[in-house]
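What follows is calculated from the coordinates using simple rules that are stated; it is not laboratory data. Just so it is clear, the model here is predicted, and its values are computed rather than measured. Neighbour counts run over all protein chains shown; Cβ positions are idealised from the backbone, glycine included.
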Amino acid sequence: MADSTRTAVDDDRVPELDPVAVARWCARVPPASPWLHETIGARMAQRLDWIKAQPTAWVSWSPVLAGEQAHLAVAQRYPHARVWLAGELAQASLDRWRLQRQPWWRRWTGGARAARGDYSAVAGVVSAEALPPEPVGLVWANMVLHATAQPRALLRRWYEWLAVDGFLMFSCLGPDTARELRVVHDAHHWPAPAAAYVDMHDWGDQLIELGFAEPVMDMERLTLTYPSAERLLADLRETGRNWHAGRFAALRGRGWRERWLRAVEDELPRTPDGQLCLTVEVVYGHAFRPQPRLTVGGVTAVPLERMREALRTGTTSRRAPPEQRDVKPYYG
């Protein structure tokens, strides 16, 4: 009986991901945005060259975690657009920027300073459960979905936030991420070092199912190199944690740490000059919210706001024509 009454929310949960562990990580305010997130955010910002739309308002999801410099790159691209901050640590991002704008003698000087730049375009913070005060032309979500316990619900929320012809731009980790580390853990019969990541084709399928139009998915693999297992471990701690539901439940001792470091030093592949190698698969995606389709049957019920939106926007698209885009849409 319990199985037949499961809700859609339950079905949306990523099986291997511990939602409590993810929530704890997302609530932690880092001293600075993770460098890997900043790097991927800068690469994703370059993909905005494919989009000809010029949003007058956009949402930036958790800039302090997703990358403050990447946020600034988008803000500089759309200097006259209003920015709404949302997601985990959105308020922390705004508080940090306000602190940075104070006179130097009143600033807190401990730790890393906030990202520099003019954040006067920030209109406010939007609750993840609410609608922005206005439909937005862009939802920018860098390195978010792989750390989300219910990604389908989040994609649906972003769709609701977008204006017609507005677009979503996102990135996340793909299934080949840390494959070398997974091999080491398997060889020692240790629990997986991370939950499984979603393939880009599955993200494309979900976008289509949720009503997005013209989803474009692409992927790249980056090879990170490290001089030692200690440095690799420090990097892993900066960019995330092990959120696998089957991870070791108690605290590990000093002996475990030494065994792990020794195994990584001995078994991870190396470059010709002796650097340890770790693969990161990055999935990029963007998709538009299409014009509402008004179907005509014997009796057709159309929400008033949907009718107004269709009449107001007409049929003019703000997207680049297909011949001006370098990447082919994903159709499944």
Mean separation of Cα pairs under 8 Å and 6+ residues apart, divided by the residue count of the stretch 168-267: what relative contact order is that in percent?
33 percent
Potential extension, D49-E238 segment - 0.36 nm per residue separation minus Cα distance:
65.1 nm
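Expected output is a single nm value to one decimal: the length gained when fully extending between H80 and M219, i.e. 0.36 nm times separation in residues minus the C-alpha distance. What is it? Numbers along the way, then the final one.
On the way: separation 139, 0.36 × 139 = 50.04 nm, distance 3.08 nm.
Result for the pair: 47.0 nm of gain on full extension.
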Want the number for D199 to R254: 0.36 nm per residue separation, take away the alpha-carbon distance, what's left?
16.3 nm
Would you mind computing, in nm to one decimal, how far apart the modelled labels at E16 and V29 are, each placed 7 Å from Cα along Cα→Cβ?
3.3 nm
Order 176-187, 156-167 from most to least packed using the mean count of other Cβ atoms within 10 Å.
156-167, 176-187
Mean projected area (nm²) from the convex hull of Cα positions in the stretch 180-261 is 7.5 nm²
Hey, how many Å between the Cα centroid of the stretch 159-234 and the Cα centroid of the stretch 38-55?
18 Å
Quick one: which residues, 5 or more positions from V59 or on another chain, have an amide H under 5 Å from its amide H? H modelled 1.01 Å from N in the peptide plane, none for Pro or chain starts.
W84, L138, V139, W140
